[in-house]
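Worksheet: the structure to be examined is printed underneath.
The values are calculated or read from the model by the stated rules, or taken from the named source; none is laboratory data. Quick caveat: nothing in here was measured; it's all calculated off a predicted structure. Please note: Cβ atoms are built from the backbone with ideal geometry, for glycine as well, and neighbour counts cover all protein chains shown.
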Amino acid sequence: MTVGGPAPAPTPGRRRAERGGRAGQRDQKRAARAAESPRRPERSQRGDKDSGTLKSPRVPRPSTTSRMWRWGLVGCLAVLLVSWFTWYATTPEPLPRSDDTVNASGVAGKPIYLGMFAATDGFDRTIRIAGVRVHVTASAKVTITPLLCRQGAVGVTTDPRQFCDDVLDTEGQRLSGGDSIILKIESTEAAIAVIDQIKVAYREDLTWGTQPAGAQQAIVTMAGRPSADDAQ
C-alpha cells in the first residue's frame, strides 16, 4: 500500500457549483444596483418639485433717503408752479397811460364831469372793473365819483349823457374799446383841486391787478357862487 500520489482531479460537478456561486454573486450585485437605480429619478423629481415651489426674488424697495429726495423734488416743482402762476395772475398787461393834464373849471354847487381814461377803438381787451381809486389834494371839501361812460368819451362837460350811450357806476362793469372813465366833481364852495392819475382795479381772464391809467393829472377850479350883493 502506497501513501501519497497525485491529487484526484476535480469532478465536473464541483466546477459547475463554483461557477454557479460566482454567477449568483454577480446576480446579487446586479439586483442591488437595480434596486438602487430607481431612487435616482425620485431625487430628480423631488428636486424639480422643490425648484417649482421657489419664490421669485423680491424687488428691493427704495430707501428712505431716496423717497425724501423725490418728495423734495416734487415739492420744489409745486412751489415753482404756484409762484409762476401767482406772478402771471397778478401782472396783467398795463393799461394805457399818458402825460396829459386835464384842466377844468366849474361853479360851486353844480357838478362837472371830466374824462380821465378812454379806451380807444384799438383797445382790444375787455376788463371787469372792481373799483377806481382817486387821490385828490384840494383847498376845500370836494366830492369825486368815478363813472363809466359807455361807448363815448368826455373832455369837460356838465351833461355827459350828450356824449355817452349810458353813464354807470364803475364797480362791476365791463370796460372795452370805445368806453371811458370819467369823474364827477362836486363842491359846495370855491375850491382848487389837483387830482392824481387814477388807478383802476380790475380782472381780466385769469389775471387781476390795480394799475394807473389815463391822464397824468387833472386841475379843477371851482368858483364860488355870486352872492346877491355881487349881483347888484
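Some points to look at:
- Residue pairs whose Cβ atoms lie under 8 Å apart, separated by 6 or more positions or on different chains, with the first residue in segment 107-123 and farther than 11 Å from A153 by Cβ and the second among the basic types (K, R) and in a loop (DSSP other than H, G, I, E, B), are V107/R225; A108/R225; G109/R225.
Residue by residue, here is whether (1) part of a strand (DSSP E or B); (2) at pLDDT 95 or above; (3) within 29 Å of G122 (Cα to Cα); (4) not acidic (D, E) holds:
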site: D196; (1), (2), (3), (4): yes, yes, yes, no
site: V200; (1), (2), (3), (4): yes, yes, yes, yes
site: W208; (1), (2), (3), (4): yes, no, yes, yes
site: A213; (1), (2), (3), (4): yes, yes, yes, yes
site: T221; (1), (2), (3), (4): yes, yes, no, yes
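- Residue match in segment 140-149 (condition: touching a Pro at 6+ places or on another chain (Cβ under 9 Å), within 30 Å of W87 (Cβ to Cβ), assigned to a strand (DSSP E or B) and not aliphatic (A, V, I, L, M)): no
- Any hit, segment 194-207, residues being charged (D, E, K, R) and over 34 Å from the mean Cα position of the chain (by Cα): yes
- Residue ID - surrounded by the fewest Cβ atoms within 10 Å (Cβ to Cβ), chosen from residues in segment 103-149 that are within 20 Å of R161 (Cα to Cα), touching a Leu at 6+ places or on another chain (Cβ under 8 Å) and among the β-branched types (V, I, T): T145
- Taken together, the criteria place G214 among residues that are small (G, A, S), crowded, with 21+ Cβ neighbours inside 10 Å and within 30 Å of T86 (Cα to Cα).
This table checks each residue for (1) over 38 Å from the mean Cα position of the chain (by Cα); (2) over 19 Å from Q211 (Cα atoms).
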position: R67; (1), (2): no, yes
position: L77; (1), (2): no, yes
position: L81; (1), (2): no, yes
position: M116; (1), (2): no, no
position: T126; (1), (2): no, no
position: T158; (1), (2): yes, yes
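- Cross-chain or 6+ apart pairs with Cβ under 9 Å, segment 161-179 first and in contact (Cβ under 8 Å) with a residue 60 or more places away in the chain and surrounded by 14 or more Cβ atoms within 10 Å (Cβ to Cβ), then among the basic types (K, R) and assigned to a strand (DSSP E or B): D179/R150
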